[in-house]
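To keep things clear, I will list the structure first and then write my remarks on it.
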Amino acid sequence: MNKVILMGRLTRDPEVRYSAGENALAIARYTLAVDRRFKRDGEATADFIPCVVFGRSAEFAEKYFRQGMRVTISGHIQTGSYTNNEGNRVYTTEVVVEEQEFAESKSASQANAAAYQQYSAPTPAPAQAAPRPAADGFMNIPEGLEEELPFN
C-alpha cells in the first residue's frame with residue numbers, strides 16, 4: 001500500500017504550469033515543511049516534502065494556497081529519475097496529492113503566515129482564561145453562563 005498523509009506549512013506559493021496540447025492540464029507544485037516529532041539539540045526540525053497536484057485541485061491550490069499556510073494532504077509517493085545537463089542521473093521523490101485541505105482557519109493562517117515567512121515558530125494565540133477541570137475530570141461552567149447555553 002502506498003498512502004501518505006501529511007500536515008505542514010507551505011514553504012512558498014504553489015508554482016502552476018499547464019501541459020501543452022488541446023486540453024491543457026494544470027500542474028501545481030509546492031513544498032510542505034513538516035515538523036518532526038523529536039527535536040535536535042532543543043531546536044525544532046522539519047522535513048521539506050515536494051508535492052505535485054493535477055487538474056482542478058492544482059487550480060484550487062493556485063487560487064487559495066499561500067506561503068506559510070498550514071494544509072493537510074493525502075496521496076501517494078512517486079519516485080522517478082532523469083539525466084541532467086551534465087549527464088548525471090538524478091533521482092526524485094515526491095507526493096502526488098489526491099486530496100488537500102486547509103488545516104487552520106483563515107485568521108490563524110494569516111496571523112501565522114507572517115511569523116512563518118521569517119521561519120520562526122508560529123505565534124501562539126493570546127492566552128484566555130479557560131475553565132479548569134474539576135476533580136472529577138469535568139469542566140466547571142462559569143457563573144452566569146447557564147442562560148446562554150442552547151440546552152438546559
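The values are calculated or read from the model by the stated rules, or taken from the named source; none is laboratory data. All figures in this text were calculated on a predicted structure; none of them were measured in a lab. Quick reminder, even Gly has a Cβ in these numbers, built from the backbone with ideal geometry, and neighbours come from all protein chains shown. What goes into the accessible areas is simple: the full protein's heavy atoms, side chains included, and nothing from ligands, DNA or RNA. Shrake-Rupley method; radii C 1.70, N 1.55, O 1.52, S 1.80 Å.
Structural remarks
- In segment 29-57, the residues that are over 18 Å from residue 4 (Cα atoms) and not hydroxyl-bearing (Ser, Thr, Tyr): 38, 39, 40, 41, 42, 43, 44, 55, 56
- Hits in segment 1-12 - residues which are open to solvent by 60 Å² or more (accessible area, probe 1.4 Å) and in a strand (DSSP E or B): 5, 7
- Condition check for residue 29: under 13 Å from residue 95 (Cα atoms) and not in a loop (DSSP other than H, G, I, E, B): yes
- Cβ separations smaller than 8 Å between residues 6+ apart or across chains give the following pairs from segment 79-92 residues that are free of Cβ contacts under 8 Å to residues at least 12 places away in the same chain and within 30 Å of residue 3 (Cα to Cα) to residues that are charged (D, E, K, R) and open to solvent by 50 Å² or more (accessible area, probe 1.4 Å): 81/89; 82/89; 83/89.
- In segment 66-85, residue most open to solvent (accessible area, probe 1.4 Å) [restricted to those that are among the small types (Gly, Ala, Ser) and part of a strand (DSSP E or B)]: 81
- Count - residues of segment 13-46 that are open to solvent by 60 Å² or more (accessible area, probe 1.4 Å) and touching a Gly at 6+ places or on another chain (Cβ under 9 Å): 2
One line per residue, one yes/no per condition, for (1) open to solvent by less than 90 Å² (accessible area, probe 1.4 Å); (2) part of a strand (DSSP E or B); (3) at pLDDT 95 or above; (4) farther than 17 Å from residue 33 by Cβ:
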{"site": "59", "(1), (2), (3), (4)": "yes, no, yes, yes"}
{"site": "98", "(1), (2), (3), (4)": "no, yes, yes, yes"}
{"site": "104", "(1), (2), (3), (4)": "yes, no, no, no"}
{"site": "147", "(1), (2), (3), (4)": "no, no, no, yes"}
